[in-house]
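To start, the structure under review is shown below, and the notes come after it.
The values are calculated or read from the model by the stated rules, or taken from the named source; none is laboratory data. Bear in mind that the values here come from a model prediction, so they are computed numbers and not experimental data. Cβ atoms come from the backbone with ideal geometry, glycine included; neighbour counts cover every protein chain shown. In case anyone asks, the SASA skips ligands and DNA or RNA and just uses the protein heavy atoms, side chains included. Shrake-Rupley method; radii C 1.70, N 1.55, O 1.52, S 1.80 Å.
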Amino acid sequence: MAAASQQGALVLEGLSKRYGTFTALEPTSLTIEDGEFLTLLGPSGSGKTTLLQMISGLTDPSEGRLIFNGEDWTHRPVNARGMGLVFQHYALFPHMTVAENVAFPLEMRKLPSAEMKTRVEETLRKVQLDQFAHRFPKELSGGQQQRVALARCLVFRPKVILMDEPLGALDKALREHMQLEIRRLHKEYGTTIIYVTHDQEEALVMSDRICVMNHARVEQIGAPSQIYGNPETLFAATFIGHSNVLSGEKVSSDGDVATIRTPFGTFSGKHTARDRSATDVSLIIRPEQMRLGSAPGDAFDGVTGRLTDLIYVGAETRLLLTLGSDTSLTLRHDPSAGDLPSIGDEVAVHWPKTAARIVT
Amino acid sequence: MSASAVVSAPRRFQFGPLWLVLPALALLAVFFIFPLGRLFVLGVQDPGTGALTTEHYARLADTPVYWRILGITFRIAFLTAAFCLLLGYPLALWLSKMDSRRQSLMTLLVLLPFWTSYLVKTFAWMILLGNRGVLNSLLTDTGLLERPMRLMYNELGVIIGMVHAMMPLAVLTMLPVMNSIDNRLSLAAGTMGASRSQRFWLIYFPLSAPGVAAAGLLTFITSLGFFIVPAFLGGRGQTMLAQTIITQVQELVNWSFAAVLASLMVAATLVAIWIYNKFFGLSALSGQAPKVDGTPRGSAALRACGQRVLKDLAWLSSPFDRFASQDPSAKGGFSIYALVAVIFLVAPILVVFPLAFTSASSLQFPPPGYSLRWFEQYFSSPVWLAATLRSFGVAFATAFCATVLGGLAALALARSQSRWNGPIFALMLAPMVVPRIVIAVGLFYLMAQIGLVATNTGLVIGHTLLAIPYCFITIGAVLKSYDWRLNQAAETLGAGRLTILRRITLPLLRGGVISAALFAFVTSFDELTVAIFISGGLKTTLPKQMWDDMFLQLNPTLAAVSVVVLLIVTVILLATRKLQK
Ligand SMILES: Nc1ncnc2c1ncn2[C@@H]1O[C@H](COP(=O)(O)OP(=O)(O)OP(=O)(O)O)[C@@H](O)[C@H]1O
Ligand SMILES: [Mg+2]
């Protein structure tokens, strides 16, 4: 990646955070382009909030630099960054009404009061809270409070918006509505958005790129399809979408293809592992790539296992297979492949070698 | 991703939040620590040559009368603390069992006597206990007694007055600890088969013990340095250490010996605190239940011994369980006790009301008729009016200074994680713990040298010193529940530090800040000890004027003044309560 990046880009150079001996974030380098929608996705405690807070300036990094638009912003005061931050815990001012909360950033920017009023009304309408303008935060439900927090950030149209699980407390319908609203805003104003979520579906729907985090570090960063199709690590493969995993030892690799020996056979697949030299690897096959029946040719690999469960989930049926004592596979039943076997049967499954991935 | 070199971020130079504590520290250093140190040195210095000497201590050791005074002081302080705990514990327990709305209402009945000036309380007891006082008149008039009983100018009078003066402090110290006890623990013990007495002695009482100990400590060390009650209600045999110090300074001008006595008093206080800290930790002093971290303080043997005693107590009181569980009036009996205790605290103060409106020129009870003449007398007396005005002025200034200094210090400690927090915390509370008489004498010595005696500035400094701990604790308590993330939110929305303070922090802390100011106001308005030394001869404050008058002669004007003081304090108290809601 070129050091001199595009206008308006946010560049993190080895940004890290330690609390005493505890590392909340390992040195992290990445570039967020102008107008990009980047999602930080990862389990609780993986350092998402920490990373966001360092970008916003609320937390001083232990090491590294933050560069915005070519300028070093590592130590720029928070209130001079003009980034919008939607807090995980809302942080609404309890002594101000909803309207006053939303007007606050405009007041700080000394907007004329007439304009302020229309902007506040317009923004509150956008989050469907116009009739709550004169309530105090503690008189609102959790989801309503969350929308106030969102409105308070949107109202001053910051260039960069950082959102820490902004939709966590909303029900499904409202959540989808707000997702669309945020997407629209992102397109309309060309805002750069860095978005934290636990919800992988939300991440897949909204993001230009997803940054998968685990254990205080970035596991993989890329477009949703890239991460889903070519995971680099076992964690990324299992955290986004469902994966069938066969663990084993790498026996050979040749360019983009590698071969792995597992207790159930030796298979080959595309070598996407981040660490090319690692020998402890896993074979990943997405459930939709697996078919019933033995491998029809050289381009396929296959195993046999015992069918232990059939799960009906509306449109499709999932088959659960057990191999050996502690490995299980899931596949979707394809109606064109014939009748459903019964529980307890020994069944063979196969998949195209090109659909398998070898990761660390 | 580029493996770009990790550039280490140079640390920004920041004024840490701890700097905010500096103004308060400076005041304490100059007008508290330095004078105390000076006083200590005076005690081991030859007044002529300045050489080190032990002669003053030797003189103390050689004079039996001082040993007696020391003995009496400890005896009275100990008895006062013991009675305060014994009588105050059930009252605090009764209050803690109420729902919070009723509790805050009933607590007013304890707060009112707490904030009532010691002088007014003592004056009221003089009216009640005197040979021709209210109690004796009632008893002889109804024929219950032939001759008046001797109720004051003896140890009985002193103990009654002292317990009345200190009991509110004891109750208010125990109450928060009791409030924090989880009631389900006793219930759980009940399901495991514990009887009523076992539940109380083995579960509830040990959990409330930190509050009891804190209350005992505070009443004991406050009593050690007390002089108002023994001066008016005691006889020659009840002269206490503080009175002796005043005599040494004001009449004998024997600084060295006064310094020796003051050092002894501080030493006794420190020993009491040390013992307390060893077993309970100092945190319970500021009104929070100490953290129970599973590592009991004190030795295992002591703990075992304490448990033995508690088990015996449970066994001893178990025969009474039967009454309690069957007779619903047991709860009634408890309430009756609480009622009597509240009457003991409040009624004596109320006695000044009829006497302030008497038509007679003596304090006879009941008054033969009613009139406003004593209020007229008060409002037309230039001496009283000047004293009242001065007290108001000094109290306002004190409220301002103490709130700013104490508030900044509380803010500093809330925001910093420095290892200095502990010592600074202790220092901020120290003026509350070191006997006032010692602070006053030390201040007098210093201020006499720099010309602050008999000035308003001197008084304000002295009172600010005494009020800072209250402001520090009050504002510290509201800061504890303050959500600092709101500051971060405001910052990301573009607000600078001052704007955040003005628009977010102060409005949210307003209630606490105003109560702190009112507490400081009342502290100064009621303050006598420092005023005795610093206010000077002619221009005095209201309490000092009352003190002088009470020595000369008890008269109904004093009752009228007491009523005015009581009303002012009550109004302030109610205002504070309203703000804290
Ligand atoms: N002020 C702090 N002091 C010490 N450790 C901290 C501090 N703040 C965060 N941590 C630790 O850093 C790690 C990362 O925290 P962070 O808040 O970034 O997690 P997160 O990914 O946002 O999790 P979640 O999804 O639960 O919000 C956690 O283990 C947390 O305990
Ligand atoms: Mg988080």
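Quick notes on this one:
- Among the conditions (1) within 14 Å of chain B (Cβ to nearest Cβ); (2) buried (at least 18 other Cβ atoms within 10 Å of the Cβ); (3) without any contact (Cβ under 8 Å) to a residue 60 or more places away in the chain; (4) touching a Ser or Thr at 6+ places or on another chain (Cβ under 9 Å), the only one that A:Leu167 does not satisfy is (1).
- Selection count where residues are more than 9 Å from chain A (Cβ to nearest Cβ) and open to solvent by less than 90 Å² (accessible area, probe 1.4 Å), scope the range B:501-510: 4
- Restricting attention to the range A:329-360, the residues being open to solvent by 70 Å² or more (accessible area, probe 1.4 Å) and touching a residue at least 12 places away in the same chain (Cβ under 8 Å) number 4.
- Matching residues in the range B:105-155 - criterion: being in contact (Cβ under 8 Å) with a residue 24 or more places away in the chain, basic (Lys, Arg) and open to solvent by 20 Å² or more (accessible area, probe 1.4 Å): B:Arg132
- Residues located in the range A:43-68, provided they are away from chain B (no Cβ under 14 Å) and away from ligand 2 (no atom under 16 Å from the Cβ): A:Phe68
- Residues that are among the small types (Gly, Ala, Ser), out of contact with any Leu (no Cβ under 8 Å at 6 or more places or on another chain) and part of a helix (DSSP H, G or I) within the range A:115-164 comprise just one, A:Gly142.
- Flag for A:Leu92 being in contact with a Lys or Arg (Cβ under 6 Å, 6 or more places away or on another chain) and modelled with pLDDT of 90 or more: no
- Across the range A:207-222, the qualifying residues are those that are away from ligand 1 (no atom under 16 Å from the Cβ) and closer than 20 Å to A:Gly8 by Cβ, and the one among them that is surrounded by the most Cβ atoms within 10 Å (Cβ to Cβ) is A:Ser207.
- Criterion violated by B:Phe472 - all others in (1) aromatic (Phe, Trp, Tyr); (2) within 14 Å of chain A (Cβ to nearest Cβ); (3) crowded, with 20+ Cβ neighbours inside 10 Å satisfied: (2)
- Contact map, the range B:461-481: residues that are within 19 Å of B:Val441 (Cα to Cα) and not assigned by TED's automatic domain parsing to the domain that holds B:Pro176 paired with residues that are open to solvent by 20 Å² or more (accessible area, probe 1.4 Å) and charged (D, E, K, R), Cβ distance under 6 Å, separation 6+ or inter-chain. No pairs are found.
- Against the test of being away from ligand 2 (no atom under 11 Å from the Cβ), in a strand (DSSP E or B), surrounded by 20 or more Cβ atoms within 10 Å (Cβ to Cβ) and in contact (Cβ under 8 Å) with a residue 40 or more places away in the chain, the options A:Leu12, A:Leu30, A:Leu40 yield a single qualifying residue, A:Leu12.
- Criterion applied to B:Gly161, B:Gly88, B:Gly71 was being over 22 Å from B:Ile343 (Cβ atoms) and either open to solvent by less than 60 Å² (accessible area, probe 1.4 Å) or touching a Gly at 6+ places or on another chain (Cβ under 8 Å) (or both), and the one residue passing it is B:Gly71.
- Any hit, the range A:86-102, residues being in contact with a His (Cβ under 7 Å, 6 or more places away or on another chain) and either within 10 Å of chain B (Cβ to nearest Cβ) or open to solvent by 10 Å² or more (accessible area, probe 1.4 Å) (or both): yes
- Qualifying position, being touching a helix residue (DSSP H, G or I) at 6+ places or on another chain (Cβ under 8 Å) and at pLDDT 80 or above, among B:Val351, B:Val340, B:Val271: B:Val351
- Any chance A:Glu71 is more than 16 Å from ligand 2 (Cβ to nearest atom) and either open to solvent by less than 20 Å² (accessible area, probe 1.4 Å) or touching an Asp or Glu at 6+ places or on another chain (Cβ under 9 Å) (or both): no
- Those residues of the range A:43-60 which are within 11 Å of ligand 1 (Cβ to nearest atom), buried (at least 20 other Cβ atoms within 10 Å of the Cβ) and β-branched (Val, Ile, Thr), in sequence order: A:Thr49, A:Thr50
- Taken as a whole, the structure leaves B:Gly458 outside the set of residues that are closer than 19 Å to B:Thr529 by Cα, under 18 Å from the mean Cα position of the chain (by Cα) and in the same structural domain as B:Ile514 (by TED's automatic domain parsing).
Condition check ((1) within 16 Å of ligand 2 (Cβ to nearest atom); (2) in the same structural domain as A:Ser328 (by TED's automatic domain parsing); (3) modelled with pLDDT of 90 or more; (4) not aliphatic (A, V, I, L, M)) across all residues:
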residue	(1), (2), (3), (4)
A:Arg175	no, no, no, yes
A:Arg183	no, no, no, yes
A:Ala216	yes, no, yes, no
A:Glu219	no, no, yes, yes
A:Ser225	no, no, yes, yes
